[in-house]
Amino acid sequence: MLDLTGKNALVTGIANNRSIAWGIAQQLHKAGANLGVTYLPDEKGRFEKKVRDLVEEPLKPSLFLPCDVQDDAQIQSTFESVREKWGKLDILIHCLAFADKDGLSGDFSGAPRSTFSKSLDISAYSLVAMSAAAKPLMTEGGSIVTLTYLGGVRVIPNYNVMGVAKAALEMNVRYLASELGPLNIRVNGISAGPIRTLASSAVGGILDMIHHVEKIAPMQRTVTQLEVGNTAAFLCSDLASGITGQILYVDSGYSIMGM
Ligand code: NDP
């Protein structure tokens, strides 16, 4: 049975009720996990209020922490708070990415250096930094799950810089899985089909991508945040105890099609 009772799970990347991380957090909660939630802080505290209003009542997180993954000090203080409050961590959900608009449309070769490195920093390096901070807290083993997209292995129009970031992210999964396996810490990625969210709306032509999937995918539809959440809950549970270093596609089968 899928049971996460007694597991402490830190979930990053909830921006609103369309976020994939919101779907994941709900399914982890349903399976009995004790949740901690991080949010990206802004000067006026608007993101904090928005995320708090969304998660507080239904999920009752026992930790609610600011964490901008571009800031090493914030990563450190997030995991220090986890150590103080929980003592150990079992699950880390890395569900965040960012690219400036000029990295998500037009000619790929036109991407400015600053756009490229910022996207790689937030969307790929952050998994390495967070895993390093999680490692000493996963004293009874653990599961780290990140979110990726087909644009990291194939060319998808406009995905551009984010495609390179996802390719790096997927390789991070393999290197981290190799390093952390002896500690019984598993690291996997979920490659989700396109879903309308704040982040995906920045990708040029996202609606066309969704309509294309609805036409071509074997299941003739896109996936939902909760379906991705179910897969994340599975990967975090003992049911997936033999799975590490993998990228699992949750995409209505789209990625198997040649035409
Ligand atoms: P959301 O916009 O809901 O989530 C993206 C999250 O990343 C937001 O919470 C955002 O915070 C956060 N974020 C951005 N920059 C930083 C930072 N510096 N530090 C901390 N957090 C940051 O979009 P999705 O749910 O779509 O995205 C979640 C993940 O799923 C991403 O990795 C995305 O690439 C991946 N994915 C999405 C697909 C889709 O079609 N939607 C398909 C396949 C994968 P804020 O909004 O407050 O800025």
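What follows is calculated from the coordinates using simple rules that are stated; it is not laboratory data. This is a predicted model, so every value here is computed, not measured. Every residue, glycine as well, gets a Cβ built from its backbone with ideal geometry; the counts of neighbours run over all protein chains shown.
Structural remarks
- Listed peptides 235-243, 6-14, 165-173 appear in the order 6-14, 165-173, 235-243 once ranked by packing, highest mean of other Cβ atoms within 10 Å at the front.
- Sorting the segments 145-151, 130-136 by their mean number of nearby beta carbons within 10 angstrom, highest to lowest, gives 145-151, 130-136.
- Cross-link check: pairs K30/K85; K50/K101; K118/K215 evaluated at a Cα-Cα cut-off of 29 Å; pairs beyond the cut-off: K118/K215.
- A dipole drawn for the chain from +1 and -1 charges on Cβ atoms has a positive end, and of F98, V203, Y254 the residue lying farthest that way is Y254.
- Extension gain for M171 to R221 (0.36 nm times residue separation, less C-alpha to C-alpha distance): 15.2 nm.
- Potential lengthening between H211 and A132 on full extension [0.36 nm per residue; Cα-Cα distance subtracted]: 24.6 nm
- Cα gyration tensor category, rounded, prolate or oblate, for region 8-252 with a/c compared to 1.5: rounded
- Label-to-label distance, nm, for residues given as N17 and L183 (7 Å Cα→Cβ offset): 3.8
- Given charges at beta-carbon only (K, R positive; D, E negative), |dipole| of the chain in Debye: 280
- Segments 111-120, 59-68 sorted - mean Cβ within 10 Å per residue, highest first: 59-68, 111-120
- Computed on the chain, with alpha-carbon pairs under 8 angstrom and 6+ residues apart, the relative contact order is 21 percent.
- With R₀ set to 35 Å, the beta-carbon distance separating F108 from M259 gives a calculated FRET efficiency near 0.90.
- Helical contribution to [θ] at 222 nm, DSSP H n ≥ 4, -39,500 (n - 2.57), averaged over the chain, rounded to 500: -12500 deg cm²/dmol
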